[in-house]
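What follows is a single structure, written as structure tokens, with notes after it.
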Amino acid sequence: MAGSKMLSQDVADNIMSMITIEKRFGAGDKLPNETELAHELNVSRTTLREAVRILVAYGVLEIRRGNGTFVTEKARQGEEILGPLSDVKADAGDLYEMRLIFEPEAAYLAAIRGTDGEIKRILECGRRIEEAIREGSDRTQQEQAFHKSIAQATHNEFMNKLMPILYQAISKGVALSAQGGQAVQDTVADHRLIMEFLSQRDAEGARSAMKIHILHAIRELGIQ
């Protein structure tokens, strides 16, 4: 029972992150239907319902019978807390230097601390990136979800709070790789290596693979 409660709280945190960090949903927006959202979060519909109940109790979500689940005005309180971070603007060099410091350690901790469900979600996010690449579609959202899922698996709240800044670097990297085949090939190979080490719970391997991934991006961007 305790494990179920912890999982539903994690899912509630993920939904809150979609609202406050990814800004996929704003006040008044309707969430995807239960089946779609449960599939995206890689959880059962029962766990999702528990998570929604948590956020309803917090006043962040509102269930409208016959219409669906909607984000309330109260969700903006979370955005105000994150505002100073998400508004930070930095050049590519600063952003990727921060990624080089931050993300290898995040991968290391995720391999150690991540639940089986969280590791599974990281792998699913990685597969969605490859699907977007094969389809030739914009993969910015999938890339952000991949790196966010790794940060969440660290169970370190400060790491999650830093993600809005890192999204700027990820967006720059996606835009660049859309212009060159080598960058795309590196992305696919790097992500597969990261996912392999995470699935094996090899923390040192995950750290090294993530460092290589960031260094490849720095090289392609021409950052000194």
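Output the residues belonging to the range 208-224 that are β-branched (Val, Ile, Thr) and assigned to a loop (DSSP other than H, G, I, E, B). Passing the criteria: only ILE223. Is the range 93-111 home to any residue that is at pLDDT 90 or above, among the charged types (D, E, K, R) and within 23 Å of GLY222 (Cα to Cα)? Yes: the range 93-111 contains one or more residues that are at pLDDT 90 or above, among the charged types (D, E, K, R) and within 23 Å of GLY222 (Cα to Cα). The residues of the range 112-141 that are under 16 Å from the mean Cα position of the chain (by Cα), at pLDDT below 85 and polar (S, T, N, Q), listed by number, are THR140, GLN141. Among the residues making up the range 113-136, those that are more than 20 Å from ASN42 (Cα to Cα) and either in a helix (DSSP H, G or I) or hydrophobic (A, V, I, L, M, F, W, C) (or both) are ILE133, ARG134, GLU135. Scanning the range 13-63 for residues that are of a type in the set (Gly, Ala, Ser), surrounded by 15 or more Cβ atoms within 10 Å (Cβ to Cβ) and either more than 20 Å from the chain's Cα centre (by Cα) or at pLDDT below 85 (or both) gives a single hit, SER17.
Under the condition of being part of a helix (DSSP H, G or I) and either charged (D, E, K, R) or closer than 14 Å to ARG121 by Cβ (or both), the residues counted in the range 10-24 number 7.
Got at least one residue in the range 146-165 being modelled with pLDDT of 90 or more and of a type in the set (D, E, K, R)? No.
The values are calculated or read from the model by the stated rules, or taken from the named source; none is laboratory data. Computed from a predicted structure; not experimentally measured. Cβ atoms come from the backbone with ideal geometry, glycine included; neighbour counts cover every protein chain shown.
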